[in-house]
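Visitor: Structure incoming, see below.
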Number of protein chains: 2
Amino acid sequence: METQNGLVIVHTGNGKGKTTAAIGLAIRAWGDGFRVLILQFIKGNLQYGEIKTIETLREVDGRIELRRLGKGFQRNLKDKTEHIKACREALQIAREALESNKYDMIILDEINYAVKFDLINLDDVKELLHHRPDNVHVVLTGREARQEIMDLADLVTEMKLIKHPYQKGIKAQKGIEF
Amino acid sequence: METQNGLVIVHTGNGKGKTTAAIGLAIRAWGDGFRVLILQFIKGNLQYGEIKTIETLREVDGRIELRRLGKGFQRNLKDKTEHIKACREALQIAREALESNKYDMIILDEINYAVKFDLINLDDVKELLHHRPDNVHVVLTGREARQEIMDLADLVTEMKLIKHPYQKGIKAQKGIEF
């Protein structure tokens, strides 16, 4: 890979497509020869279909890796201990991955949401971004991204819900992300 | 594939991620065993990296297909003849694909933009959606989707630009979509 300035990219908002577009970026990056790491902070949006596809691409040449560290966090949960532990572990892996020079793009899936629910500290994420090598792209997804994260980002997109099938009484379907 | 109700999904807005999230849906659908067709109405957002990845997946089992029909349309273009021709061809292929029972998901990339610039008629797109088999998911991307298209959709997401690297004077980079 040629060296280039790594971007900090944020996908936030209450709509669909935050994780999906991040996976789309990963797919594009892989096609461009990048080495990609996807770290899942909270279990949820990544579904069987894309996990399967990532595994298929990984079998081609190993340049894409998905680590599902997050647990099935619920917002009303009283005991957050295991989720805090999982998120801390994910953050530590992110730190090491950034320093390892083994990746050109690192996706921190649902990290914004983990910050929102105090599963990780905002300061730790800010520090991570401040100390990243400048040739690695970092993508942060999750609704309600904190302003201080967006201030550190180069590219911020809000995925905004305009219309949802639930409003029409359609149930969730295999292969579709809601 | 099990039969299911096909959804009409729209990705619109002035931000990044419309095509990228559609490709993410395609990737997920492929992983779920769907047969996917991606039709490009206007050349532009689809880049080398994702084309390469789609080709790689296609080599696995042929269940994903990308047809790049659109030309490099410019909004100030005086003679739209070749673009109108390309978009009409793409629409006809979409019609046939919908009727063929060969696909579970069809992505009409940049079709909203093609409607906006009168490269295809809104009525033709509406008719396409009205007459689609109800077990096929149809994804329409492109900024400024017409309200009548959104009225026909089940799921509409607006990708909204909050912050763009151009604002910081950073140039476009390989593997990143802007």
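Visitor: Which ³J(HN,Hα) values in Hz, rounded to whole numbers, follow from the phi angles of the stretch B:132-146 under the Karplus curve 6.51 cos²θ - 1.76 cosθ + 1.60, where θ = phi - 60° and Gly and Pro get x?
Guide: 6, x, 7, 9, 10, 7, 10, 10, 10, 10, x, 5, 6, 4, 6
Visitor: Could you give the Stokes-Einstein D for the protein assembly as shown in µm² per second, using the C-alpha Kirkwood radius, 10 °C, 1.306 mPa s? Display every interim value, and only then the final one.
Guide: Details: Rh = 20.5 Å.
Here the translational diffusion coefficient equals 77 µm²/s.
Visitor: Let me ask something additional. Could you give the length gained by full extension between B:Arg146 and B:Ile93, i.e. 0.36 nm per residue of separation minus their alpha carbon distance, to one decimal place?
Guide: Numbers: separation 53, 0.36 × 53 = 19.08 nm, distance 2.17 nm.
Length difference between fully extended and current span is 16.9 nm.
Visitor: Take every DSSP beta bridge with both residues inside the protein assembly as shown and express the antiparallel ones as a percent of the total, to the nearest 5.
Guide: Numbers: 7 of 51 bridges.
Approximately 15 percent, going by the DSSP bridge assignments.
Visitor: Obtain the nm distance between the two label points defined at A:Asn135 and B:Thr81 by a simple spin-label model: each point lies 7 Å from its Cα along the Cα-to-C-beta direction.
Guide: Once both label points are built, they end up 5.0 nm from each other.
Visitor: If you don't mind, another one. Starting from the Cα of B:Lys163, draw a straight line to each of the lysines and keep only those under 26 Å, dropping any in the same chain fewer than 8 residues away.
Guide: Straight-distance partners of B:Lys163: A:Lys16, A:Lys18, A:Lys116, A:Lys126, A:Lys160, A:Lys163, B:Lys16, B:Lys18, B:Lys43, B:Lys116, B:Lys171, B:Lys174.
Visitor: Is the C-alpha gyration tensor of the stretch B:8-168 telling us rounded, prolate or oblate? Criteria: a/c under 1.5 is rounded; beyond that, a/b larger than b/c is prolate, otherwise oblate.
Guide: Details: a/c = 1.35, a/b = 1.13, b/c = 1.19.
Judged from the Cα gyration tensor, the stretch B:8-168 comes out rounded (a/c under 1.5).
Visitor: A further question on this structure: Treating the point 7 Å from Cα along Cα-beta-carbon as the label, what are the nm separations from A:Glu148 to the other copies, to one decimal?
Guide: With the label placed 7 Å along Cα→Cβ, A:Glu148 yields 5.0 nm.
Visitor: Let me ask another. In whole percent, what relative contact order does chain B give with Cα contacts below 8 Å and a gap of six or more residues?
Guide: Numbers: 306 pairs, mean separation 68.6, N = 178.
The value is 39 percent.
Visitor: So for the stretch B:1-99, what are the equivalent ellipsoid semi-axes in whole Å, largest first, each being the square root of 5 times an eigenvalue of the Cα gyration tensor?
Guide: For the stretch B:1-99, the semi-axes come out at 25, 16, 14 Å.
Visitor: Which Rg and Dmax, in Å, describe the Cα atoms of the stretch B:1-48?
Guide: Here Rg and the maximum Cα pair distance are 12.2, 35 Å.
Visitor: In addition: Please give the average number of partner chain Cβ atoms lying within 10 Å of the Cβ of each residue in A:144-155, rounded to a whole number. Walk me through the numbers before you get to the answer.
Guide: Values: counts 0, 1, 0, 0, 0, 0, 2, 1, 0, 4, 9, 15.
Mean partner-chain Cβ count within 10 Å for A:144-155: 3.
Bear in mind these aren't lab numbers, they're just calculated from the coordinates by the rules spelled out. Keep in mind the model is a prediction, meaning the values are calculated, not measured. Here Cβ is always computed from backbone atoms with ideal geometry, including for glycine, and neighbour counts include all displayed protein chains.
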